[in-house]
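For reference, the structure is listed below as C-alpha cells.
The values are calculated or read from the model by the stated rules, or taken from the named source; none is laboratory data. Since the model is a prediction, treat every value here as computed from it, not as a measurement. Glycine gets a Cβ as well: all are built from the backbone with ideal geometry, and neighbour counts include every protein chain shown.
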Amino acid sequence: MSSSRRERQDEPASLTLGVVSPHLDDAWLSCARFIAAHPGAHVITVFAGGPTSMTPLTSWDRRSACFRDGDDVLRVRRDEDRRSADVLGAISHHLPFWDRQYRIDRYSYEGPTGEELPECIARALAILADELQPDVWIVPLGICHGDHEAVGTACLELARDIDGTFYVYEELPYRVETPKDVEEAVRRLHRAGFELERDRNLPAEGSLLKKIEAVRCHRSQLRALAPRRVLRAIFGSERIWRLVWPGRA
C-alpha cells in the first residue's frame, strides 16, 4: 500500500454539522472558523422570521442605517445570511420564529411566547434533525439575551430527545463582554442535568480571513452592533464544549 493511500485512510471522516444560531448573525460571529473547517455544515437560524413590512422600524434596525420604514428587513437579513453561508461553504436554513424586538402588538405578533416558545423551537429543530441528520450538533450556550436563552433551552430538550453528539458554543461578543452571564448559563445547564467537558479531538479552527469575510456579509448589523463589538467577536477565541448528559443510558 502506498504511503499516500495509507494517509488518506487514516484521516478522520468528514463530519456534517448542524449548527443552531439564535439570530441571523450569531453563528458567524461565534463559531465561523469552526464552521469553515467543516464544509457542508447546516446552519439553522431560529429567529429568522418577522413582519414583511417594518413600520415603524425598531431602534436596532434604525441604528443600522440600512433600512427605511416599510422595508422587509428580514428578507434583507436572510439574504445576508445566505451570502455568509456561501463564503464558508455552508448551507443556511431559516425557521420562522420572530426576534424578540418584533414579538409585540405593534407588529401584530400572534406566535408563541413564554415557556411555549422554547418548546415550539425544540419541536421545529427535531423535525429538521430528522430531515438533515447531521453527525454533530453545535448549539448556543444561551447567554445574555432572552432569545439566546430560549434557544439554549430548546437545544437541551433536543439533546434529551434525539440520539446524537452535541457541542455547545459560547456566543460572541457576549462571552467576552459579560463573563458572569456565561457562569449563570453554565449553572442553568447544570440544573437541567447536563455537564460540559473539553474535547481535544475537535478539528482545528478554519481560516480567520474567511470569518472576517462571512461577518462582513452582515452589513445591516455591523453599524448597530458597533465596531468594537464586531472586533471582539472576530478575534475572540471560539470556545466549544462537549455537552454531556449523564442521564442518557
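Restricting attention to segment 64-79, and to residues there that are of a type outside the set (Lys, Arg) and touching a Leu at 6+ places or on another chain (Cβ under 7 Å), which single residue is farthest from residue 220 (Cα to Cα)? Only one residue fits best here, namely 69. Being under 30 Å from residue 196 (Cα atoms) and buried (at least 17 other Cβ atoms within 10 Å of the Cβ) is the requirement here; does residue 126 meet it? Considered against the rule, which asks whether it is under 30 Å from residue 196 (Cα atoms) and buried (at least 17 other Cβ atoms within 10 Å of the Cβ), residue 126 comes out as no. Against the test of being touching a Pro at 6+ places or on another chain (Cβ under 8 Å), of a type in the set (Val, Ile, Thr) and in contact (Cβ under 8 Å) with a residue 12 or more places away in the chain, the options 76, 20 yield a single qualifying residue, 20.
Table: residues versus (1) in a helix (DSSP H, G or I); (2) crowded, with 19+ Cβ neighbours inside 10 Å; (3) modelled with pLDDT under 95.
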| position | (1), (2), (3) |
| --- | --- |
| 166 | no, yes, no |
| 172 | no, yes, no |
| 188 | yes, no, yes |
| 201 | no, no, yes |
| 204 | no, no, yes |
| 211 | yes, yes, no |
| 231 | yes, no, no |
| 234 | yes, yes, no |
| 247 | no, no, yes |
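Among the residues making up segment 70-88, those that are within 22 Å of residue 110 (Cβ to Cβ) and loosely packed, with under 15 Cβ neighbours inside 10 Å are 70, 72, 75. Here 124, 154, 159 are screened, and the one residue that is within 14 Å of the chain's Cα centre (by Cα), touching a residue at least 24 places away in the same chain (Cβ under 8 Å) and assigned to a helix (DSSP H, G or I) is 154. Between 75, 6, the distinction of being over 29 Å from residue 164 (Cβ atoms) and modelled with pLDDT of 95 or more belongs to 75 only.
Yes/no per residue for (1) within 17 Å of the chain's Cα centre (by Cα); (2) over 22 Å from residue 90 (Cα atoms); (3) of a type in the set (A, V, I, L, M):
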| residue | (1), (2), (3) |
| --- | --- |
| 176 | yes, yes, yes |
| 185 | yes, yes, yes |
| 199 | no, yes, no |
| 208 | no, no, yes |
| 211 | yes, no, no |
| 214 | yes, no, yes |
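Residue by residue, here is whether (1) touching a residue at least 24 places away in the same chain (Cβ under 8 Å); (2) of a type outside the set (A, V, I, L, M, F, W, C) holds:
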{"residue": "137", "(1), (2)": "yes, no"}
{"residue": "171", "(1), (2)": "yes, yes"}
{"residue": "183", "(1), (2)": "no, yes"}
{"residue": "195", "(1), (2)": "yes, yes"}
{"residue": "228", "(1), (2)": "no, yes"}
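Across segment 95-110, a minimum of one residue is classified as surrounded by fewer than 17 Cβ atoms within 10 Å (Cβ to Cβ), touching a residue at least 12 places away in the same chain (Cβ under 8 Å) and within 22 Å of residue 42 (Cβ to Cβ). When the test is whether a residue is without any contact (Cβ under 8 Å) to a residue 24 or more places away in the chain and either assigned to a loop (DSSP other than H, G, I, E, B) or buried (at least 16 other Cβ atoms within 10 Å of the Cβ) (or both), residue 142 does not pass it.
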